[in-house]
1. Can you report the number of residues in the stretch 119-129 which are outside any helix (DSSP H, G or I) and not aliphatic (A, V, I, L, M)?
2. Just checking: which of the helices (runs of 4 or more DSSP H) contained wholly in the stretch 1-118 hold 1 or more residues that are closer than 30 Å to residue 130 by Cβ and small (Gly, Ala, Ser)?
3. Answer yes or no: is there a residue in the stretch 29-42 that is crowded, with 19+ Cβ neighbours inside 10 Å, out of contact with any strand residue (DSSP E or B) (no Cβ under 6 Å at 6 or more places or on another chain), of a type in the set (Gly, Ala, Ser) and modelled with pLDDT under 95.
4. Cβ contacts < 7 Å: first residue within 19 Å of residue 45 (Cβ to Cβ), restricted to the stretch 94-116; second residue not aliphatic (A, V, I, L, M) and not in a helix (DSSP H, G or I), any location; separation 6+ or different chain. Result?
Amino acid sequence: MILNFNFEELRALETGTELFLSEYSHSSGGPVVAPSEALADVERLRPRLAGAISVGTLAEQRVLRKTVAAICGDLHERMEESVIRYHPAHEEAVSLYFDYAHVFGVLTRLDEMGTEMSALIELMTGGPVSDAAAQAVTFPD
């Protein structure tokens, strides 16, 4: 299956990825907030950001969904901090709102994709989705 992005979504994902990596990849002497797995997932996503991403299995969709959720959550926190620090109409707050909203839209489509993939696997196997089926059943582009 193919997950397509429009220009705004792609730009928001790129911005969110860079902000996430700049925040969590540099140790500032304090505890690292992002788990190392999330950091590695976001680093692996960065070179894949293009007009579309091919998602071949439900297991891959799950990792991608978790990664986009981490970026989305980080953008949401930054937006809230900016609103509190300045005000809702401040340029930074507005920019972060749009980045967050575009990434949230991608996250919603990923959820829909996961639901469809799960339903197809259940139909093909006649039972609930197992981890083995999530990795083995492939979905062509």
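1. 3
2. 36-45, 58-85
3. Looking for residues that are crowded, with 19+ Cβ neighbours inside 10 Å, out of contact with any strand residue (DSSP E or B) (no Cβ under 6 Å at 6 or more places or on another chain), of a type in the set (Gly, Ala, Ser) and modelled with pLDDT under 95, one finds at least one in the stretch 29-42, hence yes.
4. 106/5
Residue by residue, here is whether (1) of a type outside the set (Lys, Arg); (2) out of contact with any helix residue (DSSP H, G or I) (no Cβ under 6 Å at 6 or more places or on another chain); (3) within 22 Å of residue 38 (Cβ to Cβ) holds:
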position	(1), (2), (3)
66	no, yes, yes
75	yes, no, yes
96	yes, no, yes
104	yes, no, yes
123	yes, yes, no
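The values are calculated or read from the model by the stated rules, or taken from the named source; none is laboratory data. Note that this is a predicted model, so its numbers are computed, not measured. Cβ atoms come from the backbone with ideal geometry, glycine included; neighbour counts cover every protein chain shown.
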